Amino acid sequence: MPTGPGQTGEAAYQKLRRQTQERMGRAPSTRRIMELWTRRGNLDCITTVGAPDPVWGDIVTAIFDMGPHQPFVVYRQPTDESPGDQCEVLGCSAYSVSEFAA
């Protein structure tokens, strides 16, 4: 998560994880997703943590997998134009998912 090094980045990630659980009514999987290749609307795209979102342009801060046959949840950094949590719930199918190395 590119919001901060070490403990700062981990604390921000865990906060988003808790928010995801509250929003979705269940905890996301423990997978740490780095990259998600999926169809968003009518666009095939690759969404990567730390890079601009291919649809919205804001920096992607985290991607959560809600489990088999459940959606993926993407968070983006807030901007001056869009303050607050930037969260998008995607579909449950993906062409490819890459995880961070352990």
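Read-outs throughout are calculated quantities, based only on the coordinates presented, and are distinct from any laboratory measurement. As the structure is a computational prediction, the values presented were derived from the model and not from experiment. Glycine also receives a Cβ, built like all others from the backbone with ideal geometry; neighbour counts cover every protein chain displayed.
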- Message: Among the listed residues Tyr75, Tyr95, identify the single one that is surrounded by 14 or more Cβ atoms within 10 Å (Cβ to Cβ) and hydroxyl-bearing (Ser, Thr, Tyr).
- Response: Tyr75
- Query: Residues in region 5-29 that are outside any helix (DSSP H, G or I), of a type outside the set (Lys, Arg) and over 10 Å from Phe64 (Cβ atoms): how many?
  - Reply: 2
- Message: Considering only residues that are touching a residue at least 40 places away in the same chain (Cβ under 8 Å) and of a type in the set (S, T, N, Q), which ones fall in region 18-46?
- Response: Gln19, Thr20, Thr38
- Item | Subset of region 47-67 (residues that are closer than 20 Å to Phe100 by Cβ and without any contact (Cβ under 8 Å) to a residue 12 or more places away in the chain) | Ala51, Pro52
- Kindly list the number of the only condition in (1) of a type outside the set (Ser, Thr, Tyr); (2) surrounded by 12 or more Cβ atoms within 10 Å (Cβ to Cβ); (3) assigned to a loop (DSSP other than H, G, I, E, B) that fails for Pro68. (2)
- Message: So, in region 59-91, exactly how many residues are closer than 12 Å to Ser29 by Cβ and hydrophobic (A, V, I, L, M, F, W, C)?
- Response: 5
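Yes/no per residue for (1) of a type in the set (Phe, Trp, Tyr); (2) touching a strand residue (DSSP E or B) at 6+ places or on another chain (Cβ under 7 Å); (3) over 16 Å from Lys15 (Cα atoms):
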site: Thr30; (1), (2), (3): no, no, no
site: Met34; (1), (2), (3): no, yes, yes
site: Trp37; (1), (2), (3): yes, yes, yes
site: Asn42; (1), (2), (3): no, no, yes
site: Pro54; (1), (2), (3): no, yes, yes
site: Pro71; (1), (2), (3): no, yes, yes
site: Pro78; (1), (2), (3): no, yes, no
site: Val97; (1), (2), (3): no, yes, yes
- Those residues of region 54-102 which are of a type in the set (S, T, N, Q) and in contact with a Phe, Trp or Tyr (Cβ under 6 Å, 6 or more places away or on another chain) amount to Thr61, Ser96
- How many of the residues in region 49-65 are crowded, with 18+ Cβ neighbours inside 10 Å and either at positive phi or not small (Gly, Ala, Ser) (or both)? 8
